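Below: the structure, in C-alpha cells.
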Amino acid sequence: MKAKLYAEYSQMLARYQSKDIQLFEFLQWARQWPSEAFKNWPGEQLQLRQPYQDLWLDLIDRFESSALFTEESCSFSQNDLLLSMSRWVQKVEGFISSGSPQGSPS
C-alpha cells in the first residue's frame, strides 16, 4: 500500500499539468478520490477521517477558485495549493500505512 496513494495522485497531477486532461476533469477526479483513499483508514482513528476529508475538499474548492485568476494571487496560488495537496496525500498515506497521523491536517 505504501506510496500507492501518492503515485495515483502524482499520475493525475502529471496528466493535468501536461494538459492531457482539463482542469474540470482533474477536479472531478479529486472530489471523488477521498472515498477511495480512505478505504483502508485505521478503524481506531475514524474520528480523524472527516477532518482530513473536509480539508481535501477545501483545497479542491480553493484550487477551483484559483482557476478564475490568470496570474498567481496571494490568496489563490495554484503552486501553493498543489504543494498543500501533495502534502495532504503524503500525510494520509503515512497515516493509513502506520495507523497514526504524521502531523495534523493543515
Task: Condition met for LEU46 (more than 25 Å from GLY94 (Cβ to Cβ) and at pLDDT below 90) - done: no
TODO: Would you mind stating whether SER98 is farther than 22 Å from PRO42 by Cβ and modelled with pLDDT under 90?
DONE: no
Open item on the list: Restricting to segment 1-35, name every residue that is of a type in the set (A, V, I, L, M, F, W, C), more than 20 Å from ALA67 (Cβ to Cβ), in contact (Cβ under 8 Å) with a residue 40 or more places away in the chain and not in a loop (DSSP other than H, G, I, E, B).
Closed with: LEU5
Task: Flag if SER75 is at pLDDT below 90, surrounded by fewer than 16 Cβ atoms within 10 Å (Cβ to Cβ) and under 22 Å from TRP41 (Cβ atoms) - done: no
Open item on the list: Could you tell me how many of the residues in segment 1-47 are more than 16 Å from ILE60 (Cβ to Cβ), under 16 Å from the mean Cα position of the chain (by Cα) and among the hydrophobic types (A, V, I, L, M, F, W, C)?
Closed with: 4
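The values are calculated or read from the model by the stated rules, or taken from the named source; none is laboratory data. These numbers were taken from a predicted model, which means no experiment stands behind them. So basically every Cβ, Gly included, is an ideal-geometry build from the backbone, and we count neighbours across all protein chains shown.
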